[in-house]
Ligand code: SF4
């Protein structure tokens, strides 16, 4: 066990705050601030500060559990692994490989995500793998790929935010979801910049804004179109930029011109003067950014909605220029890396596409298998969960808790219960693990080494700081043990660095090229990480041909727009590597074939479910500062529970008066999919036509019992952010 303080990163959100863990004389570790890490400069939210509490043996699993006579009972590792391998072999023989499913998580390290994708395709031979990151930011990823040819949450470091002129923050509440990030927006305003927050609620983040726009949930697409309409009408387009660095403007312009400000006011509830004020602030000369998060993304039109906001950046020349651009504030700890290395249904490592023959050949060669043996793309996350118990008979689930976090959760829970066989790897007995046939207790962040990729595309090394409790094994050891039992003796090392070395080779030449990154390099200096793409020097790789191929992004620029005004660092212009990788993308060219960004013409359409007589109110869901995602870990920490003990229904005083409800009264929120009960929290900071519920809790207050699984046609992301509900007073105390 390390005896000195170990620099590492928080296990929770995608900000990946730097921290150090110092051993305590009594055993265990305590969190120590790391002011040298530039993203959080020592600041941590309560979740990060209290993270070691989940390491304690009191709240976690330390022995495998197998179901016997209806209950989960302790078992040995060999027995548990034999049982899983035996069941998987039986189901595969009886129903085919696609009857086996794998469900991963955005909290898994890059090494685990990579190994899990390889395990599904090489050992099980199934196409049925996806992960909960699909629920997190896949619409932003799809829109980014359409417009820029590449998806990296932020194409610039967070430290650029205070150096821009104006930020429009759409459907994001960093004051609750990643509090240390709020200082970047405060510094922006101290530097004379402006912050516009778009959110149906007057959140703690909106309190920091110069302008708060509160559109009706599900109408941010119309809002962006209305702003673009005004920008055109007021002659604020950057004509030269549009001509030289983009394509498709005329169609996007025509679509926006159909969205008159008065029409947009009727759809969104945002007044025309407010629209004009937003345009005036955003179009001040100089740099500007648009940042989105789950608000616009978790919609059945999320890809188009994000596309509309990207169009706004492109029309005003605010992408691929210093301190300007569009970015997505990714949510989960490794939401970014998790979608780059193969646990997504359509993806191979390096952000390669599973249906691309060249990508299949490259990865198959690294894996030592026939490219034709690799299955094709499978179902997206919700579709996979919906197929459980029918097409998919057995599931391996790693680092996810869909019984709480999936939309239409009661239905998903029923699907999970109908499986022939469920195996779960987790650190605690989550609500989903409690339904399993076998539960494997695994190591967590501070007990293992691995890399994550933050919302900035910054690859970071999280180092082991203490020894795991007896009886616990790593996810990599689980995959190694299962692979061996299923007849694949090689190719699943248990050493994370060995896995990362293979990942480097598999990613070489891909969009997310990690081939120039090594553990040694990540450990160097102040541990500030390395931004992808970071292609290798040929000499660094066992397979020099792959490195010579270079990243698709770093090919020399020929023609196109040529370099823009510099000052903020540039995209690497050759196959060589920069010390920090590529902190800023697109300064010379976009990652499209012609190097130009693409406008995508989009038009407003309503949410999949609009209010009606029976369900007259809109529900939107989100997070609170003291809990994280499904709460599997944070609900086990006393100080976080004291701060956020349970769910609530936030509603406007006018709606409360109509219901005759007072603060704290039990309210039932009913949708076409289910019912949830929680106490009323009355505030004028929410629209009168909308209620809000946080989604961290199971049981009768489970917000996802209500949410709508209507999927975006491109990203296959469910519409968590808007559905129609009825609110009524419930008997008793929640
Ligand atoms: Fe951890 Fe995110 Fe809080 Fe930072 S903001 S301490 S990464 S949960």
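Values in this text are rule-based calculations from the coordinates and carry no lab data. These numbers were taken from a predicted model, which means no experiment stands behind them. Note: ideal-geometry Cβ built from the backbone for every residue, glycine included; neighbour counts use all protein chains shown.
Listing 272, 472 from fewest to most neighbouring C-beta atoms within 10 Å gives 272, 472.
For the chain, the relative contact order comes to 19 percent (Cα pairs under 8 Å, sequence separation of at least 6). The relative contact order of region 617-729, computed from alpha carbon pairs under 8 Å that lie at least 6 residues apart in sequence, is 37 percent.
Calculated FRET efficiency, residue 159 to residue 524, Cβ-Cβ distance, R0 = 22 Å: about 0.65 to the nearest 0.05.
Note on region 341-487: along the principal axes its Cα atoms extend 42, 42, 38 Å, ordered by decreasing extent. Counting every other Cβ atom within 10 Å of each residue's Cβ, 289, 137, 158, 257 order from fewest to most as 257, 158, 289, 137.
Nearest-5 percent of antiparallel DSSP beta bridges in the chain?
Percentage antiparallel, nearest 5: 45.
Pull out a ≥ b ≥ c, the square roots of the eigenvalues of the alpha-carbon gyration tensor of region 333-401, then state rounded if a/c is under 1.5, prolate if not and a/b is larger than b/c, and oblate in the remaining case. Verdict is oblate for region 333-401. Ellipsoid semi-axes for the chain, based on the Cα gyration tensor and the rule √(5λ), read 37, 33, 24 Å when sorted largest first. Could you tell me whether region 617-729 comes out rounded, prolate or oblate from its Cα gyration tensor? Rule is a ≥ b ≥ c as square roots of the eigenvalues, rounded for a/c under 1.5, then prolate if a/b exceeds b/c, otherwise oblate. Oblate shape, in that a/c is at least 1.5 and b/c is the bigger or equal ratio.
Can you bin region 142-264 into rounded, prolate or oblate? Criterion: square roots of the alpha carbon gyration tensor eigenvalues sorted a ≥ b ≥ c, rounded for a/c under 1.5, prolate for a/b above b/c, oblate for the rest. Prolate.
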